[in-house]
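This report concerns only the one structure given below.
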Amino acid sequence: MWTPFKNELYNKINLFVPQVKSSVAWKKKLWTRPLDLQLRKKIAKKHQLWTRYIKTRDQNILSQYKSMRNTVRRETGKLHRLEQSAIASQCKKSKKNLEVHKQ
């Protein structure tokens, strides 16, 4: 009695539960290079402030979080702009580099 039920259950699981191929598809493609330690600490501090705000709903913590969020966003944007300008300057020298970065 147990075996037919188990087989039916596995068949339905295979039929209706989506299969996840890999977790790489969920990662941001923007971060192709590792971030420096100070920026990672700031990101961790931002997450810490957010969880603390959610637990306490303190407005001072919220303002600290917003300040840290803006700082992290500014620095990551700066890194992205520097990377893009480096790619652009390389492409001016050689068009082969553009084909590498299109993917």
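For Arg74, indicate whether it is modelled with pLDDT of 95 or more and assigned to a helix (DSSP H, G or I). Let's see the steps before the verdict.
On the way: modelled with pLDDT of 95 or more: yes; assigned to a helix (DSSP H, G or I): yes.
Yes, satisfied.
Of the residues Leu82, Leu49, only one is at pLDDT 95 or above, farther than 17 Å from Leu37 by Cα and either not in a helix (DSSP H, G or I) or not β-branched (Val, Ile, Thr) (or both); which?
Only one candidate qualifies: Leu49.
Please verify whether Gln38 is modelled with pLDDT under 90 and either of a type in the set (Asp, Glu) or assigned to a helix (DSSP H, G or I) (or both), treating the condition exactly as stated.
no
The values are calculated or read from the model by the stated rules, or taken from the named source; none is laboratory data. Bear in mind that the values here come from a model prediction, so they are computed numbers and not experimental data.
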